[in-house]
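Since the structure comes first, as structure tokens, the remarks are kept for the end.
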Amino acid sequence: MRITDKLAARQTFSLEIFPPKGELPLEKAYEIAGEMAVDRPDWISVTYSAGGSGNSANTVPIAASIERDLGVTALAHLTCLGSTRADVDAYVAELAAAGVRNVLALRGDRRPGREERDFAHASDLIEHLRASGADLCIGAACYPEGHVESPSEEADFAGLYAKQEAGADYLVSQLFFDNEDFYRFRERCLRHRVRLPIVAGIMPFTSVSQIQRMAFNCGASIPARVVKRLVQAGDDPADQARAGVEYACEQLRDLAVNGVDGLHVYSMNKPAVAHAAHEALLACGYLGA
Ligand code: FAD
């Protein structure tokens, strides 16, 4: 089912997994997806990791299994930096053969060895996907605090507007720790003529080092109240992770009552995180029993 149809019908709840790295077997991903399906998400996203770990070949097989074996809608991510049009066409053919209709069109992060080839931006990828005539529902990324490379708000929203005009159907946000950033972003979208549905992305922090990495990689700011939570959790990794899930559930509950189009939890292969988010959203009435 197309994600836009779901977004038109109700406020959505979605989860995310990444293909296993290194020696982990593909079956592990199927197992994790199966555990997450218990929470009846509207879709499960499967990330795409070009180069480096080289596990991008597993994105479509995992997405296909989510659709076929679990009866849950899958959203396959795709990055385009370093890819040719032929690479993208081959991926689209793979998606069609696997019965996956939803794709999240991304540029990917700049890394040494990942030079620009046929695509400079996600909007170029979206344009190509639309021109291919493939029957795809296309999502794109957005950044409540601005993309790390953007020199200004104008540049950021020009990029976002380009995605909309190229044919994106909806947006999924980068993680953020202060909901006010998201609410301000929604308003600014309207001022900049970006009118697509926006799914808010929430990632529970799991440790001090992880949140520092996130802040640096995504440009997400860390509010003082998050720092306090981590300090109060002390040195025990389990306590830090628990504080992260609690904080994320508070964010989700607040977003739920503030009328978001959808909530996406960066559950990152952790079914326990998915279950906690599901519970919190059931308790506040965002999800029906
Ligand atoms: P773009 O839209 O190309 O934006 C990149 C920069 O260029 C921005 O500064 C933007 O303002 C600017 N820009 C955009 N369009 C134009 C234009 N037409 N002209 C001039 N400037 C422009 N990475 C992965 O590797 N794998 C994943 O699976 C993955 N999943 C993600 C899921 C979500 C929801 C999000 C938010 C991010 C994800 N990422 C993933 C990270 C993403 O690849 C990076 O954030 C990347 O740096 C930018 O991707 P983009 O699609 O937003 O790029």
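The values are calculated or read from the model by the stated rules, or taken from the named source; none is laboratory data. None of these values were measured; they are calculated from a predicted model. Because the Cβ atoms are built from the backbone with ideal geometry, glycine has one as well, and the counts that use them run over all protein chains shown. Note: areas computed on protein heavy atoms with side chains; ligands, DNA, RNA excluded. Shrake-Rupley method; radii C 1.70, N 1.55, O 1.52, S 1.80 Å.
Filtering the stretch 161-175 to residues that are more than 7 Å from the ligand (Cβ to nearest atom), farther than 20 Å from ARG2 by Cβ and open to solvent by less than 40 Å² (accessible area, probe 1.4 Å) leaves only LEU175. Residues that are in contact with a helix residue (DSSP H, G or I) (Cβ under 7 Å, 6 or more places away or on another chain) and among the β-branched types (Val, Ile, Thr) within the stretch 1-46 comprise THR12, ILE17, ILE32, ILE44, VAL46, listed in sequence order.
Taking the stretch 94-110 on its own, how many of its residues are farther than 24 Å from ALA120 by Cβ, touching a residue at least 12 places away in the same chain (Cβ under 8 Å) and either within 7 Å of the ligand (Cβ to nearest atom) or open to solvent by 10 Å² or more (accessible area, probe 1.4 Å) (or both)? The number of residues fulfilling the criteria is 4.
Being open to solvent by less than 30 Å² (accessible area, probe 1.4 Å) and part of a helix (DSSP H, G or I), is that true of even one residue in the stretch 130-138? Looking through the stretch 130-138, none of the residues is open to solvent by less than 30 Å² (accessible area, probe 1.4 Å) and part of a helix (DSSP H, G or I). Scanning the stretch 268-284 for residues being free of Cβ contacts under 8 Å to residues at least 40 places away in the same chain, surrounded by fewer than 19 Cβ atoms within 10 Å (Cβ to Cβ) and not in a loop (DSSP other than H, G, I, E, B) gives a total of 4. Residues in the stretch 124-160 that are charged (D, E, K, R) and within 13 Å of the ligand (Cβ to nearest atom): ASP124, GLU127, GLU145, GLU149, GLU153, GLU154, ASP156. Here PRO204 passes the criteria (1) more than 10 Å from the ligand (Cβ to nearest atom); (2) in a helix (DSSP H, G or I); (3) under 29 Å from CYS249 (Cα atoms) except the one numbered (2).
Among the residues making up the stretch 34-56, those that are surrounded by fewer than 24 Cβ atoms within 10 Å (Cβ to Cβ), modelled with pLDDT of 90 or more and more than 14 Å from the chain's Cα centre (by Cα) are GLY34, GLU35, ALA37, VAL38, ASP39, ARG40. The set of residues in the stretch 111-125 being open to solvent by 30 Å² or more (accessible area, probe 1.4 Å) and under 18 Å from the mean Cα position of the chain (by Cα) consists of HIS121 alone.
Yes or no: ARG195 part of a helix (DSSP H, G or I), more than 13 Å from the ligand (Cβ to nearest atom) and either over 23 Å from LEU263 (Cβ atoms) or open to solvent by 10 Å² or more (accessible area, probe 1.4 Å) (or both)?
On the way: part of a helix (DSSP H, G or I): no; more than 13 Å from the ligand (Cβ to nearest atom): yes; either over 23 Å from LEU263 (Cβ atoms) or open to solvent by 10 Å² or more (accessible area, probe 1.4 Å) (or both): yes.
Answer is no for this residue.
Would you confirm, using the coordinates I've provided, whether GLY113 is of a type outside the set (S, T, N, Q) and in contact with a Lys or Arg (Cβ under 6 Å, 6 or more places away or on another chain)?
Working: of a type outside the set (S, T, N, Q): yes; in contact with a Lys or Arg (Cβ under 6 Å, 6 or more places away or on another chain): no.
For GLY113, the condition - of a type outside the set (S, T, N, Q) and in contact with a Lys or Arg (Cβ under 6 Å, 6 or more places away or on another chain) - is not met.
Close contacts from the stretch 211-228, counting a first residue that is under 17 Å from ARG242 (Cα atoms) and a second that is aliphatic (A, V, I, L, M) and not in a helix (DSSP H, G or I), with Cβ to Cβ under 7 Å and a gap of 6+ residues or different chains, come to ILE211/ILE222.
Tell me, please, whether a residue that is assigned to a helix (DSSP H, G or I), open to solvent by 20 Å² or more (accessible area, probe 1.4 Å), out of contact with any Asp or Glu (no Cβ under 8 Å at 6 or more places or on another chain) and away from the ligand (no atom under 16 Å from the Cβ) can be found in the stretch 258-267. No: the stretch 258-267 contains no residue that is assigned to a helix (DSSP H, G or I), open to solvent by 20 Å² or more (accessible area, probe 1.4 Å), out of contact with any Asp or Glu (no Cβ under 8 Å at 6 or more places or on another chain) and away from the ligand (no atom under 16 Å from the Cβ).
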